[in-house]
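Please treat every number below as a calculation from the coordinates, not as lab data. Worth saying up front: this structure is predicted, and the values here are computed from it rather than measured. Please note: Cβ atoms are built from the backbone with ideal geometry, for glycine as well, and neighbour counts cover all protein chains shown.
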């Protein structure tokens, strides 16, 4: 299957985002201090019944990383989406609150929030998504009459709107 025509422009940004995540993970592991590992729920680890010190250490490190890597990975997906949007549509990182990226196409400004996860938001988060779209649309239309299309960009998982 051939690559899309924008791939050559987007590829460096995609690789940079992936490299950033890999470097972040390595730095996170390299800077773990023992006291950071023991703040996790000790009863949970005991209930899992590790059979050796190696297993316990691995589980403690895994728990420490998982608490922050999901957020960081979401950031990497956003950076990747922005790199692709820039290459494919001439888009840019939005300066509007709650909006991730924007691009113009056929006289319409598309504003996008990028979401990831199989269950990314509860009802209040979804209401905020709508409010952010309404606010950004109102601001963009002031004095310009520009047409605005709002898009919830899903990296994986179901769409909420």
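Calculate the all-directions average of the projected area of the stretch 91-161's alpha-carbon convex hull, and give it in nm².
Numbers: hull surface 18.8 nm².
In nm², the orientation-averaged hull projection of the stretch 91-161 is 4.7.
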Worksheet, complete the sentence: So the angle from the long Cα axis of helix 53-89 to the longest Cα principal axis of the chain, reported in degrees to the nearest 10, equals 10 degrees
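With the radius of gyration and the Kirkwood radius both derived from the Cα set of the chain, what is their ratio Rg to Rh? Walk me through the numbers before you get to the answer.
Values: Rg = 20.3 Å, Rh = 18.6 Å.
Result for the chain is an Rg/Rh of 1.09.
Under 8 Å for C-alpha pairs, at least 6 residues apart: give me the relative contact order for the stretch 91-161, rounded to a whole percent. Let's see the in-between values first.
On the way: 101 pairs, mean separation 26.4, N = 71.
About 37 percent, as a whole number.
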Practice prompt. Any chance you could check the Cα centroid distance between the stretch 45-105 and the stretch 119-149 for me, in angstrom?
Written response: 23 Å
Discussion item. Can you tell me, using C-alpha contacts under 8 Å and at least 6 residues apart, the relative contact order of the chain as a whole percent?
Written reply: 21 percent
Practice prompt. Specify the residue with the greatest mean-square fluctuation among 124, 95, 68, computed from a Gaussian network of the chain linking alpha-carbon atoms under 10 Å apart.
Written response: 124
Response to the item:
Nearest 10, in degrees from 0 to 90: the angle of helix 123-141 to the longest Cα principal axis of the chain is 30 degrees
Practice prompt. Identify the residues of the stretch 49-74 with backbone N under 19 Å of a label point that sits 7 angstrom from the Cα of residue 32 along the Cα-to-Cβ direction, or state none.
Written response: 49-73
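Tell me the mean residue ellipticity at 222 nm calculated for the chain from its helices only (DSSP H runs of n ≥ 4, each -39500 (n - 2.57), averaged over every residue, nearest 500). List each step's numbers first, then the result.
Working: 5 runs with 91 residues, N = 161.
-19000 deg cm²/dmol, from helical runs alone.
Ordered by packing density, taken as the mean number of other Cβ atoms within 10 Å over each peptide's residues, highest first, how do 77-86, 56-65 rank? Please list the in-between numbers first.
On the way: 77-86: 20.5, 56-65: 15.0.
With the highest mean Cβ count within 10 Å placed first, the list reads 77-86, 56-65.
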Worksheet item: Which residue, 97, 54, 20, has the most motion in a Gaussian network model of the chain that connects Cα atoms within less than 10 Å?
Response: 54
